[in-house]
Amino acid sequence: MDFNFKDIEAKWRERWERDEVYKTDMYDFSKPKFYALDMIPYPSGQGLHVGHPIGYISNDVVSRMKRMQGYNVLHPMGFDSFGLPAEQYAINTGNHPGDFTDKNIATFTNQLKKLGFSYDWSKEIKTHEPEFYRWTQWIFEQLYKDGYAEHKPKYVNWCEGLGTVLANDEIVDGKSERGGFPVEKRLMKQWTLNIPAYAEKLLSGLDELPEWPNSTKEGQRNWIGKSVGAEVEFKVENSDLSFRVFTTRADTLFGATYCVLCPEHELVKRITTPEQKAAVDDYIAACAKKTDMERSELNDNKTGVFTGAYCINPVNDERLPIWIGDYVLMYGTGAVMAVPAHDTRDYFFARAHNLPIKRVVEGGNLDEAAYVGDGVHVNSGILDGLNVADAKEKIIEWLESRGLGNKKVNYKLREWLFSRQRYWGEPIPVVYLENGETVLEENLPLKLPEMTDYKARNGEPPLNNATEWKNVEMNGVKGERETSTMPGTAATAWYYMRFIDPHNDTALADPELLKHWMPVDLYIGGAEHTVGHLLYARYWNQYLYDKGISPVKEPFKKLVHPGMLLGENGEKMSKSKGNVINPDDVIDAVGADTLRVYEMFMGPITEAKPWNTQNIEGSKRFINRVWSVYINDDKIKDEPNKNLEKLYHKTVKKVTSDYENLSFNTAISQMMIFMNAVSKESIFPFEYAKGFIKLLSPLAPFISAEIWERVFDDKNLIDYQPWPDFNPELARDDEVEIPVQVNSKIKARIMISIDEDKESVLKRAREAVEISTADKEIYIPNKIVNFIKK
RNA sequence: GCCGAAGUGGCGGAAUUGGCAGACGCAAGGGACUUAAAAUCCCUCGGGAGCAAUCCCGUACCGGUUCGAGUCCGGUCUUCGGCACCA
């Protein structure tokens, strides 16, 4: 009888759903908890491809094992359902973006269910539903009340063609990624969240995450970009104006030969001399057209113009020309002191504009490049003779004692731009009253209004078209609602808490439940979220921790990034390349269990690996072999079989620890070895047969559930069975073959018992290679013997 | 450029702390069963020399440490991922 996977899978999908087998009783605190979370997907129109489930399957295997091991497991799924494609659909068709979203969610849900995931669907979250985003808005309001949310003018990437602000990664070659419209810098009032205020906590928190990948922690450290240096004040000559520069190389102050302000610096207009005004204005206008991307292309072609003004170097009263240049960013103080001898960018700029280069540190060749290394200071007054580290310390002390500057810690991390000129997002719950007051919406959720016209017009967001919604009156005062919405990353910055109590309508979650269930024990999702989602999520969690709402400092205990799934020839899988494989087609052809086994057998989950349709054959044969051993053969008997004893215990041991470590490919390999051995035997002892099918069940839940019901217990599901034990004594070999080397070359092999007496092993080893003495005998228990003869 | 990860048969990949390199699987070749095919089962399968026992070479490249290196150290090259004028 063949394994009829289609009927069997349908049967068990129905059974699991009907009996709510995977529903978690959140208030059952009698068992230890395990929270296994997948990064929730955006429900795109394309549906899932075979790459997505790699992470989901991994987490499902662990969840299913943990349940059988007696944990109370929370394993939820949901959808990050606000987003651009739905909005684009609405603009194009005039239909509500929710229609498109609901349709896609239905497709995704269907696909996920076919894969046999043990999600508790009763806790499903859709981030576009008011029941959920009510609390996203609530968190925003708390941030506002605590002074972390501000509405202020920001330079943004404005795209007239799309009528919206774009993030840097939505711009390619100065044009919008979608549509290819030009993008320019524009000063607009935007909501921002003060994530830099949490820079230090976000940085130190990383040290408490031993189960995070190093690359992710490094990525966040670099993104936060802490640097310790000094802020130094430069006075503008013949005026009472001054500006501050930040430098990590205060020791090179004596080598400064000019200063550069960024074109947006507020001082530029006030200090530019009449003779230079035309040149400066032209330059500023040209810069506004450039995007951040263009400006940040690292090259030696540094542009800039002289303002005509001079400033005074506080350490030696030298007169330095003030330039503007777009290689200086509107970040930090927006101004730098230039030391061309010891900074590569300053060096290029000085060369391009014939500015002087003055050495203050020995080393390198200044005719060829700036010297940025350590060395003895020269031409530096009080610093002469010191190395870089000592000189830094001394000059900062000197500056501080004279009030000319101070030690300063700087972070690259910028404010979180929180406004989007879009419809399909969470409304920002703010009203601007006629009397100038800004007030928060009291009745949350503030729902999105129904509309028919989703297009942005006249530089205003789409919600501006909802006149009735927008114009409000509060306590007799007229006002207008904020018409921008929140970015996509807002919901995912906290959704992991909502899964714990998704239908609570008095708090974002019951504090008692949060305390029991946080943090997430295993979080699986793509490495592309290293500095986006994962940093914002840590920020909101830390903020909510400080408010006493989140019970933990860090929300995700263990983090795993699945490697990218590539096409058959190692290329990226994408719609445009036409090499996307739909899991539905694979499931139709070979069944969900085989697909799950294959995806886990391909290799370590963290590695990128190519899809290979032919290789599925091996997983299919394995599943079919399991079926014939249990259903077709007549070898499962209540009799012992010594031949399988050790292998069985070894297999239980290895599969258990491999699942725990997410090393599924080696677990499967071990199960294949076991099955191969079983098919050569005529007796498959009852207990081993039971134990093995339990080991297989997290990985291949359909066939395992069916076999369990048919062969062992037709009333109680396999999911409720305890995880098999192994006997450590039996899980190790009694005897082992070890090589005997002479001068590190293998000359013989002998069988020894495990932990056999050293002298006895050496004696037999000597006999095996026919030597009586050696200059040196190396003996590693149970591993190797090596005789060294000169 | 900086940060991170990796480089092992025809292919996907195994290899506790340094201790038999190539587990498991795919493909390939040979055989059994079959009227035939599919399915299944058995054998071979890193390279070279040899009738053979056996020997030599082999984990990107060069060097080092060690009785012993895929694994540790120094240097080089390549690939992938992330960040990029942050003063």
Largest-first semi-axes in Å of the equivalent ellipsoid built from the Cα gyration tensor of the range A:416-464 are 20, 14, 12
Rg and Dmax of the range A:632-790, Cα atoms, in Å?
21.1, 71
Would you mind checking the tilt of helix A:758-769 against the longest principal axis of the Cα atoms of chain A, expressed as 0 to 90 degrees and rounded to 10?
80 degrees
Just to compare against my own numbers: the Cα pair-distance distribution for the range A:72-169, 5 Å bins, whole % per bin, please.
2, 10, 13, 15, 17, 18, 12, 8, 4, 1, 0
On C-alpha positions alone, give me the angle between the axis of helix A:214-224 and the longest principal axis of chain A, in degrees, nearest 10.
10 degrees
Rank-order A:745-757, A:620-632 by packing density, defined as the average count of other C-beta atoms within 10 Å over each peptide's residues, highest first.
A:620-632, A:745-757
So how tilted is helix A:642-660 from the main axis of chain A? Cα-based, degrees 0 to 90, rounded to 10.
10 degrees
If each residue of separation counts as 0.36 nm, what is the full-extension length gain between residue A:757 and residue A:789 once their alpha-carbon separation is subtracted?
9.2 nm
For q values of 0.13, 0.19, 0.20 Å⁻¹, compute log₁₀ I(q)/I(0) with the Debye formula on a Cα-only model of the range A:121-266, without solvent.
-1.09, -1.31, -1.28
Report the FRET efficiency, 1/(1 + (r/R0)^6), for residue A:577 and residue A:273, where r is their Cβ-Cβ distance and R0 is 51 Å, rounded to 0.05.
0.35
Which far-off residues, 5 or more places away or on another chain, put their amide H under 5 Å from the one on residue A:750, with H placed in the peptide plane?
A:738, A:740
Length added when fully stretched, residue A:155-residue A:552, from 0.36 nm per residue minus Cα-Cα:
139.4 nm
If the label point is 7 Å along Cα→Cβ of residue A:531, which residues in the range A:191-212 have backbone nitrogen under 17 Å from it?
A:195-200, A:202-204, A:206
Give me the log10 of I(q) over I(0) for the range A:193-333 at q = 0.21 Å⁻¹, as the Debye formula computes it from C-alpha points; what are the numbers?
-1.29
With no solvent and one point on each alpha carbon, what is the Debye value of log10 I(q)/I(0) for the range A:701-790 at q = 0.11, 0.25 Å⁻¹?
-0.50, -1.16
Shape call for the range A:456-551 from the C-alpha gyration tensor, a ≥ b ≥ c root eigenvalues: rounded (a/c under 1.5), prolate (a/b greater than b/c) or oblate?
oblate
Over 25 Å (Cα to Cα) - which of A:447/A:478; A:646/A:783; A:114/A:609; A:201/A:547; A:235/A:277; A:123/A:455 fall in this group
A:123/A:455
FRET efficiency estimate (nearest 0.05) - Cβ-Cβ, residue A:145 to residue A:286, R0 56 angstrom:
0.85
Starting from the 7 Å offset along Cα-to-Cβ, what nm value, one decimal, do you get for the label separation of residue A:715 and residue A:242?
8.7 nm
Give me the mean projected area, in nm² to one decimal, of the convex hull enclosing the Cα positions of the range A:611-675.
5.4 nm²
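Would you mind calculating the gained length between residue A:474 and residue A:351 on full extension (0.36 nm times residue separation, minus the Cα-Cα distance), in nm to one decimal?
Answer, rounded to one decimal: 38.2 nm.
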At 1.4 Å probe size, with the rest of the protein present, what percent of the exposed accessible area of chain A is carbon and sulfur atoms?
47 percent
J(HN,Hα) series, the range A:54-65, from Karplus relation 6.51 cos²θ - 1.76 cosθ + 1.60, nearest Hz, glycine and proline x
3, x, 5, 4, 3, 5, 5, 4, 5, 4, 5, 5
Before I look further, what does chain A give for accessible area per residue, probe 1.4 Å, in whole square angstrom?
45 Å²
If you plug each phi of the range A:624-631 into the Karplus form 6.51 cos²θ - 1.76 cosθ + 1.60 with θ = phi - 60°, what whole-Hz ³J(HN,Hα) values come out, in order, with x for Gly and Pro?
5, 5, 4, 4, 5, 4, 7, 9
Using modelled backbone amide H atoms (1.01 Å from N, in-plane), which distant-in-sequence or interchain residues come within less than 5 Å of residue A:566's amide H?
A:609, A:611
Please list the equivalent ellipsoid semi-axes of the range A:339-489, computed as the square roots of five times the alpha-carbon gyration tensor eigenvalues, in descending order and whole angstrom.
57, 21, 13
Near the amide H of residue A:474, under 5 Å away, which other amide H atoms are found, from residues 5 or more places off or on another chain, if H is placed in the peptide plane?
A:479
Rounded to one decimal in nm, the spacing of the 7 Å Cα→Cβ label points at residue A:417 and residue A:19 is 5.3 nm
If R0 is 30 Å, what FRET efficiency do you get for residue A:637 and residue A:30 from their C-beta distance, rounded to 0.05?
0.20
Enumerate the calculated ³J(HN,Hα) couplings along the range A:571-586 in order (Karplus 6.51 cos²θ - 1.76 cosθ + 1.60, θ = phi - 60°), each rounded to whole Hz, writing x wherever the residue is Gly or Pro.
8, 5, 8, 8, 4, 5, 7, x, 10, 7, 10, 8, x, 4, 5, 5
Is it possible to state the helix-based mean residue ellipticity at 222 nm for chain A, with each DSSP H run of 4+ residues giving -39500 (n - 2.57), the sum divided by total residues, to the nearest 500 deg cm²/dmol? What is it?
-10000 deg cm²/dmol
Rg over Rh, two decimals, the range A:742-790 (C-alpha only, Kirkwood Rh):
0.91
Place a point 7 Å from the Cα of residue A:188 along the Cα-to-Cβ direction; which residues of the range A:487-509 have their backbone N under 19 Å from it?
A:487-490
Kirkwood hydrodynamic radius (C-alpha pairs) into Stokes-Einstein, the range A:578-721, 37 °C and 0.692 mPa s, D in µm²/s
207 µm²/s
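Can you give the Rg to Rh ratio of chain A, both from alpha-carbon atoms, with Rh computed by the Kirkwood formula?
1.06
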Taking the Cα of residue A:400, stepping 7 Å toward and past its beta carbon, and measuring to each backbone N in the range A:246-267: which are under 18 Å?
A:246-253
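The values are calculated or read from the model by the stated rules, or taken from the named source; none is laboratory data. All figures in this text were calculated on a predicted structure; none of them were measured in a lab. Virtual Cβ from ideal backbone geometry, glycine too; neighbours counted across all protein chains shown. Surface areas here come from the heavy atoms of the whole protein model, side chains and all, with no ligands, DNA or RNA. Shrake-Rupley method; radii C 1.70, N 1.55, O 1.52, S 1.80 Å.
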